[in-house]
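Peer 1: Quick one: this structure, given as structure tokens, is what I'll be asking you about.
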């Protein structure tokens, strides 16, 4: 996973990205 | 034994198969528990969607590669479906830990989420078959019909097959990589390449939902105090 630049904050996940609680 | 582009691709395919040995192309018991915990059970919709997209994928694959290849397309789709369910379970476990909730009704009833996740899993499978050496031009695009057909089935081909906006596909990439720790360096780089392609080009095409979201964001922010330009 060091090969990829992670842009999401720790408090963000897939739920937020698809507008879910 | 010397490493050739074909051998490298075959090793990657073999590794993918090994990693998915214990995975099923049906939802696992753990996934079924997540589905049952939802306010609205998404099980039927998920199964129906996977079946429909499987048919579409096999047809489009056969159209691109040759009508006798529909069975081959079905096999690749089944590998993608295994990866889709595996990553979905891993994502939900992370979300459960992060949010301390077990009801993911809204997310699991979101069709765009499922189609994007399945598209990402299919992209990993298709890119594995094409092989990194081939993608990097070791064979050259003009060296044979089958090579160029296979390369043409790489991103963004899957977006057209699943009628998916690049902007929605983009949203699953990072979570997909986090949820699938066995992804190889080359595959991570391939997904990163897809990400760049979306950011620099595909997300800005005329039919992108990005424009509506920007408009909505401007309207919502109209009553608020403007942020300094640097922000």
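Peer 1: Which of the numbered conditions does residue B:21 fail, given that it passes all the others? Conditions: (1) touching a helix residue (DSSP H, G or I) at 6+ places or on another chain (Cβ under 9 Å); (2) not in a helix (DSSP H, G or I).
Peer 2: So residue B:21 meets the others, but not (1).
Peer 1: Still on this structure: Counting only residues that are modelled with pLDDT under 80 and surrounded by fewer than 16 Cβ atoms within 10 Å (Cβ to Cβ), how many does the range A:8-21 have?
Peer 2: Of all residues in the range A:8-21, those modelled with pLDDT under 80 come to A:8-11, A:19-21.
Narrowing further to those that are surrounded by fewer than 16 Cβ atoms within 10 Å (Cβ to Cβ): A:8-11, A:19, A:21.
The qualifying residues number 6.
Peer 1: Here's something else I'd like to know. Are any residues in the range B:25-44 within 16 Å of residue B:80 (Cβ to Cβ) and loosely packed, with under 13 Cβ neighbours inside 10 Å, and if so, which ones?
Peer 2: Passing the criteria: only B:26.
Peer 1: From the list B:191, B:183, which one is assigned to a loop (DSSP other than H, G, I, E, B), surrounded by 13 or more Cβ atoms within 10 Å (Cβ to Cβ) and within 13 Å of chain A (Cβ to nearest Cβ)? Steps first, please.
Peer 2: Numbers: B:191 fails: assigned to a loop (DSSP other than H, G, I, E, B).
None of the others qualify; the one that does is B:183.
Peer 1: Which residues, taken from the range B:33-58, are free of Cβ contacts under 8 Å to residues at least 24 places away in the same chain, farther than 17 Å from residue B:121 by Cβ and touching a helix residue (DSSP H, G or I) at 6+ places or on another chain (Cβ under 7 Å)?
Peer 2: B:41, B:43
Peer 1: Which number in (1) at pLDDT 95 or above; (2) more than 12 Å from chain A (Cβ to nearest Cβ); (3) over 11 Å from the mean Cα position of the chain (by Cα) marks the one condition that residue B:112 misses?
Peer 2: Failed condition: (2).
The values are calculated or read from the model by the stated rules, or taken from the named source; none is laboratory data. Please read these numbers as outputs of a predicted model, since none were measured by experiment. Cβ: placed from backbone, ideal geometry, glycine included. Neighbour counts: every protein chain shown.
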